[in-house]
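Undergrad: So that we are looking at the same thing, I have put the structure below in structure tokens.
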Amino acid sequence: MIGRLRGRLLTQEADRILIETSAGVGYEVIVAPRALVDLPAQGEETTLHVHTQVREDAITLYGFLQASDRAAFRLVQSVSGIGPKLALAIIGTCEPTALATAIAREDTVALCRIPGLGKKTAARLCLELKDKLDRLLGQDGAGLPSLTDIGGSGGASPAVGDASAALEALGYSSREIAKAIKNANPTDDDTVQSLLRRALKSLSPA
């Protein structure tokens, strides 16, 4: 099993990258949009913590910049009904601490903001992982930070999804969209228009 990759970033697509190791071997790795924002420029070196998914018809690599994100990805996949695609969406939307907070509070409303995560699956996520928060945090579950939503830094406004879709329709890449939304600092008070206006401003040349 491949657990770690270090090499030069050759290409980057909407949901995956190609890394060439020092041995000259190129590995295609699926990554979450949140990780795409923090990757170095093409041609530069990067290191990924890797989860290897083996099936009869394919071997798929999922890459994470932080070991804690990989651990959370594996834990989330242990919930019945959650496969790697949805697990990646969950980890790609919020950091482990924010996810643990939402689960501890059984905040299914916040969890349902994650693309593809419905009410029943969100409730099952809370039920099956509430006693395993130490594995998300790397410590006991006491003293969870006070978060009003699962967005991590700045929160995740309900307008994020529609604003992201609008930017995609305008031709922006997943990396550009993720960075623009992050720079726009979305809040629960945002409308799609207000968030989109700030995101577009951050994308405009200085």
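Undergrad: Scan the range 47-97 for residues that are under 12 Å from the mean Cα position of the chain (by Cα) and either of a type in the set (A, V, I, L, M) or part of a loop (DSSP other than H, G, I, E, B) (or both) and report the count.
TA: Residues that pass the stated criteria total 11.
Undergrad: Of the residues that make up the range 84-91, is at least one β-branched (Val, Ile, Thr) and within 23 Å of LYS182 (Cα to Cα)? Working first, answer last.
TA: Step one: of the range 84-91, the residues β-branched (Val, Ile, Thr) are 90-91.
Adding the requirement that they be within 23 Å of LYS182 (Cα to Cα) leaves 90-91.
Yes, that holds for at least one residue.
Undergrad: Go over the candidates ALA32, ALA100, ALA89 one by one and state the one that is in contact (Cβ under 8 Å) with a residue 60 or more places away in the chain, outside the structural domain of ARG175 (by TED's automatic domain parsing) and under 30 Å from LYS120 (Cα atoms). Reasoning before the result, please.
TA: Working: ALA100 fails: in contact (Cβ under 8 Å) with a residue 60 or more places away in the chain; ALA89 fails: in contact (Cβ under 8 Å) with a residue 60 or more places away in the chain.
Exactly one residue qualifies, and that residue is ALA32.
Undergrad: Also: Can you find a residue in the range 10-19 that is charged (D, E, K, R), in contact (Cβ under 8 Å) with a residue 40 or more places away in the chain and assigned to a loop (DSSP other than H, G, I, E, B)?
TA: yes
Undergrad: Please verify whether ALA178 is surrounded by 18 or more Cβ atoms within 10 Å (Cβ to Cβ), on the phi < 0 side of the Ramachandran plot and either at pLDDT 80 or above or in contact with a Lys or Arg (Cβ under 7 Å, 6 or more places away or on another chain) (or both), treating the condition exactly as stated.
TA: yes
Undergrad: Hey, among ALA122, ALA100, which residue is crowded, with 22+ Cβ neighbours inside 10 Å, in a helix (DSSP H, G or I), touching a Cys at 6+ places or on another chain (Cβ under 6 Å) and among the hydrophobic types (A, V, I, L, M, F, W, C)? Outline the logic, then answer.
TA: Values: ALA100 fails: touching a Cys at 6+ places or on another chain (Cβ under 6 Å).
The conditions single out ALA122.
The values are calculated or read from the model by the stated rules, or taken from the named source; none is laboratory data. All figures in this text were calculated on a predicted structure; none of them were measured in a lab. As a convention, Cβ positions derive from the backbone with ideal geometry for all residues, glycine included, and neighbour counts pool all protein chains shown.
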